[in-house]
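The structure appears right after this line, and notes come after that.
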Amino acid sequence: MSLRTPLGRVRGLGSAKSGTHHFWMQRVTAVALIPLTLWFVYAVMSLVGGDHATVSAWLQIPYNALLMILLIVATFHHMQLGLQVVIEDYIHGEGVKIASLMIMKGGSLVLGIAAAFAVLKVAFGG
């Protein structure tokens, strides 16, 4: 005998209503980070010894700027998802938990936007 309502069984949602989505988003970002990280490591290794102008010219190539922004988005989203689980599991006071989640998500958003802005600024020659 299940304690779930018939509507809950049809929708396939758990008690939190979003656990499956969170789980899959962590996996999707993790899989996306594999080739992006390998590309980034290869790119950095090929730029070793280059001066500022060389790196700027490399980042002005649209393909490289796009992949760098995708790396930033995937990294910060994956980080935010992982930290959310840690905060939800290990912080027990409801007020502190909500404040921590808000600060962490806001900080992740601000840092991600700042990183993407920096890439765009270099890519467009600012």
**Asked** Roughly how big is the chain's charge dipole about its Cα centre, with Cβ charges of +1 (Lys, Arg) and -1 (Asp, Glu), in debye to the nearest 20?
**Response** 540
**Asked** For region 42-49, what does the Karplus curve 6.51 cos²θ - 1.76 cosθ + 1.60, with θ = phi - 60°, yield as ³J(HN,Hα) per residue in whole Hz, taken in order and with x for Gly and Pro?
**Response** 4, 5, 5, 5, 6, 9, 4, x
**With Cα atoms, 0 to 90° folded angle of helix 94-123 axis to the chain main axis** = 20
**Message:** Using the basic label-point model (7 angstrom from Cα toward the beta carbon), what is the residue 21 to residue 63 distance in nanometres?
**Reply:** 3.6
**Request:** Place a label point 7 angstrom from the Cα of residue 91 along the Cα-to-Cβ direction, then list the residues of region 101-126 whose backbone nitrogen is under 19 Å away.
**Result:** 101-112
**Request:** Would you calculate the separation in nanometres between label points at residue 55 and residue 104, each defined as 7 Å from the Cα along the Cα-to-beta-carbon direction?
**Result:** 3.0
**Fill in**
Going fewest to most other Cβ atoms within 10 Å around each Cβ, 87, 103 line up as 103, 87
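Grab the beta carbon distance between residue 42 and residue 118, set R0 = 25 Å, and tell me the FRET efficiency rounded to 0.05.
On the way: r = 21 Å, r/R0 = 0.83.
The formula returns an efficiency of 0.75 here.
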**Request:** May I ask you to list the chymotrypsin sites (Phe, Trp or Tyr not before Pro) in region 28-126 that are in a DSSP loop and have at most 14 other Cβ atoms within 10 Å of their Cβ?
**Result:** 124
**Prompt:** Would you list 25, 102 from fewest to most Cβ contacts within 10 Å?
**Reply:** 102, 25
**Request:** Using every Cα-Cα pair within the chain, state what percent have a distance larger than 20 Å.
**Result:** 59
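Laboratory data are not the source of any read-out in this text; all were calculated from the coordinates shown. All values derive from a computational prediction rather than experimental measurement. Reconstructed Cβ throughout: ideal geometry from the backbone, glycine too, with neighbour counts over all protein chains shown.
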